[in-house]
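One structure is given below, encoded as structure tokens.
Each reported figure results from applying straightforward, stated rules to the coordinates on display, with no laboratory input. Everything quoted here is computed from the prediction, not taken from an experiment. Here Cβ is always computed from backbone atoms with ideal geometry, including for glycine, and neighbour counts include all displayed protein chains.
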Amino acid sequence: MTDGPPIEHRPRQTPLTVFAVAVLAVAIGAAALAISIYLDLERAVTTPRENIQWAAYQIQAEHMRLMLAARDAEAGRIDVDAIDQRYQIFVSRVLILRDGDAYAAMHSIPGYEAMLTRAVDLIPVVDAAIAGGGQDARAYADIVQHHLGALTEPMQQVALKAVSTASREQTEQQLQLRDTVFYLVVSLIVIVAAAIGLAGVTMKQFAALDTGRRDLSVALWRAEESSRAKSRFLAGMSHEMRTPLNAVIGMLREINYRTSDNGIHRLAGIAHASADMLCGLVDDVLDTTRIETGKFRFHNVTFDPAVLVEEVTSVLASRAEDRGNTVAVEIEAPAGRYVTTDRARLKQVLVNLLGNAIKYTADGTITLRASVAPGADDTTLLRVMVADTGIGIPADQHERIFGRFFQAGTNDGLGLGLSITREIIERLGGRIGVDSTPGEGSTFWFEVPVAVSDTAPKPAADPRVRDRLAGVRLLLAEDNATNRQVIRLLLERQGAAFDFALNGEQAVAMALADAYDLILMDINMPVMDGLQALAEIQRRSGRSAPPVVALTADALAEDHERFRAAGMVACVTKPIDETELLATIATVLRRPDIVSGDGIALPPAVPPRAEAQLTSGQREAVLSLISALHDEEDEP
Amino acid sequence: MSKLWTAMRGAAIAATVTLMALTAAADPLPAPTGTVILEVTGAIANTNADGKARFDRAALEAMATSELSTSTPWTKGVQHFQGFPLSALLSVVGSTGRSIKAIALNDYSAILPVEDSVAAGAFVAVRANGTAMSVRDRGPLWIVFPYDTDARLTTDAYLNRSVWQIKELVVD
């Protein structure tokens, strides 16, 4: 864990925050005020409201008209109907004032209440009096004057007060409106000022953010560049390490073939296994950089899964034995079923999972179960499960173990294996997972889609130990001294006749000067590279040019296609696999006898000799290898 | 909502107007036999006196086939009015004017623009809550609007047009 210090995520209370909150409060207050003003206006518009001055004037006017009518009636100028109509109109006015909602505001006029109550109370009295003796105009007029005459004074007072009340209310409303609007204006000024201030701050922050973003992208570019540089360095270093390592492995193999001493056999075997492991680690690093740089490619072949499992278990058998573990294999696949996928990558995955199981289990049982079964949507899945009875993995680490550089409590290994394993499985279109209980063990499983066939793949060439290439004349263009040593030993053992060219130019000259059955051409060489040399040979010897096979350290399929397009008849990758080389030569020269017929099986069944010493040939080989490694170091 | 109401009301009134117009064309305006309650003068085509259309209570009651229920700013509770739309009356008298001056018993008067008032649902009430309106109850005739249906109708403009104790209409 490389957790940094905990980052403070809580927003800080800056003066700006406080200011913003205050401005927001002002804005909310102003908005509330504006809404209340709007609601007041809305109510004023929709609430029926008579003008109080007009209403006060009207009741007074109707009363006056009634009094005038009474005087006219007394003087005989109008009849009883006319005065009755005046009286009824007056009464209707009084009743409207009493009943109508529109006159609520009238109650604020001093004396209005008393006047209205008096008028309302008088109506039944007058009605009764008229009913009892108001049949002629004079009598009617007397009754009206008698009962309602006294209302003249309060009516006038109310009319006058209505004017002052209305004007006072109007003044009050205006003052109130002025205060409200003043507050609104002040709020608006505050809000506008604050908005200008905030806009300024925001613009400044945007500018800062922009600068920050630019800095960040520069930093990101630098980080990516540094990561790329690191990947390039790792890739370069791994590549450089592979060449001497492969030489070591090749030499050890030769020593194994040539010795008859059991002790040396054992020592060379241990050294070989160790070199293999070291090579595996370097390959892991190389794989990681390939994943990072996106150069992870696959090469599909058809093979029997049972054979693959057998190979893997036999490679790891001694390691399991060392730790007291039993390895049980269960294969649930119909016999003779072949699958097509990347065999080498799958082997890498199996070695990794089984190796981990052995590494984290002591005196236990490891079960490897493989099956070929139909999956969803017409696909066929190769399912593999590796169960151990080891230390187990806590649930919270189930995801992390597939990350890079993770190690479960120990410090051996680079911690790259599972991350590469997952990468391989996922790039093959499969899934990988783990179920585990600490203390009880772990079960790693994966499944990858595969193509299935019943036809056996082309039988792999059975490597012969000796003299399979007797009579074959080869030209080898290879600038690297170590590689020359490795292949020299191989070809000598197989009885081939061969010459070395140290660069492309030499290769062209030698190919033209002498007749070779086949040319093995390294690609990257000084002076003239392999492809240029190929073109030159074909140009100058035409149809009589011997077939040229590319020797390349790059295992990328796209490179192979490029070489074939340039005229190479085949590609052999370095480190040179003896079987592959023999099979290629057999195919190119149409000489199936190279890979068939009786031969000496591997490992070499050489009877043990008494003296535990290197033969002179072995000593020579080791010494030349060491000197070659020296030369490599001295090379610029 | 109120716009919809207005539109519906407009449609109903239009239908009524057409019906009344047909009736009016068929019969000349009969002369009143009882006390004249309403006189319509001015720009009208159908008359039953010298340039006047005069109506007694019987004639008005005969026309009072519509109803309007609404509260008003001057009364308590919802009033159930019977009467006729102003447009119906205008069609009976063959009005050609664009405004009406409504004159009350106390000589108060207000001007009603015809088009706007008809569209707002101006209604001439002859009876209130089942009985003829006395002068005391703002009778004999009262121009009311369906105040409850549209807040606009309780603004000053329409309150001022709500003339009660009507005795005369002058079409201009």
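Just order A:150-161, A:525-536, A:191-202 by mean Cβ neighbour count inside 10 Å, highest at the front, would you?
A:525-536, A:150-161, A:191-202
For chain A, find the longest principal axis of its Cα atoms and tell me its angle to the long axis of helix A:481-493, 0 to 90°, nearest 10.
With both axes taken from Cα atoms, the answer is about 50 degrees.
Contact order normalised by length for the range B:3-171, with contacts defined as Cα pairs under 8 Å and 6 or more residues apart; what percent is it? Write out the running numbers ahead of the final one.
On the way: 328 pairs, mean separation 42.1, N = 169.
Over the range B:3-171, the number comes to 25 percent.
Rounding to the nearest 20 debye, state how big the charge dipole of the protein assembly as shown is about its Cα centre with +1 on each Lys and Arg Cβ and -1 on each Asp and Glu Cβ.
1340
Please pull out the direction-averaged projected area of chain A, using the convex hull of its alpha-carbon atoms, in nm² to one decimal place.
Values: hull surface 233.7 nm².
Taking a quarter of the hull surface, the average projection is 58.4 nm².
Which pairs, out of B:K76/B:K101; B:K52/B:K167; A:K230/A:K359, put more than 18 Å between their alpha-carbon atoms?
Those over the limit are B:K76/B:K101; A:K230/A:K359.
Within 10 Å of each Cβ in peptide B:72-80, how many partner chain Cβ atoms are there on average? Round it to a whole number, please.
4
Roughly how big is the range B:3-171's charge dipole about its Cα centre, with Cβ charges of +1 (Lys, Arg) and -1 (Asp, Glu), in debye to the nearest 20?
200
I'd like the mean, over residues of B:36-42, of how many other protein chain beta carbons sit within 10 Å of each residue's own Cβ.
The shielding value for this peptide is 0.
Which value at 222 nm does chain A reach when only helices count, each DSSP H run of 4 or more adding -39,500 (n - 2.57), with the total divided by all residues and rounded to the nearest 500 deg cm²/dmol?
Details: 16 runs with 369 residues, N = 636.
The per-residue figure over chain A is -20500 deg cm²/dmol.
Can you tell me the 0 to 90 degree angle between the C-alpha axis of helix A:52-74 and the longest principal axis of chain A, rounded to 10?
Taking Cα atoms only, the helix is inclined about 20 degrees.
Can you tell me the orientation of helix A:15-46 relative to chain A, as the angle in degrees between its alpha-carbon axis and the longest Cα principal axis, to the nearest 10?
40
Tell me, what HN-Hα J-couplings in whole Hz come from the Karplus equation 6.51 cos²θ - 1.76 cosθ + 1.60 at θ = phi - 60° for each residue of the range A:226-238, using x for Gly and Pro?
Taking θ as phi minus 60°, the curve returns 5, 5, 5, 4, 5, 4, 4, 4, 4, 5, x, 4, 4 Hz for the range A:226-238.
Taking the Cα centre of each part, how many Å lie between the range A:347-383 and the range A:97-134?
That distance is 107 Å.
Quote the charge dipole size of the range A:3-132 about the Cα centre in Debye, to the nearest 20; the model charges only the Cβ of Lys and Arg (+1) and of Asp and Glu (-1).
Around 380 debye, computed over the range A:3-132.
Residue by residue through the range A:365-380, which ³J(HN,Hα) values in whole Hz follow from phi under the Karplus form 6.51 cos²θ - 1.76 cosθ + 1.60 (θ = phi - 60°), with glycine and proline marked x?
10, 10, 10, 10, 10, 10, 8, 10, 9, x, x, 6, 6, 6, 8, 10
Would you kindly derive the ³J(HN,Hα) couplings of the range B:47-53 from the backbone phi angles with the Karplus curve 6.51 cos²θ - 1.76 cosθ + 1.60 (θ = phi - 60°), listing them in order in whole Hz, with x for Gly and Pro?
10, 9, 8, 5, x, 10, 10
Can you give the net charge of the other residues whose Cβ lies under 13 Å from the Cβ of A:D121, counting K and R as +1 and D and E as -1?
0
Across all directions of projection, what mean area in square nanometres is found for the Cα convex hull of the range B:3-171? Mind dumping the intermediate values first?
Values: hull surface 36.0 nm².
One quarter of the hull surface, i.e. the mean projection, equals 9.0 nm².
Which whole-number percent is the relative contact order of chain A (Cα, under 8 Å, 6+ apart)?
It rounds to 10 percent for chain A.
If R₀ is 30 angstrom, what is the calculated FRET efficiency for the pair A:A515 and A:E561, using the beta carbon separation as r and rounding to 0.05?
0.50
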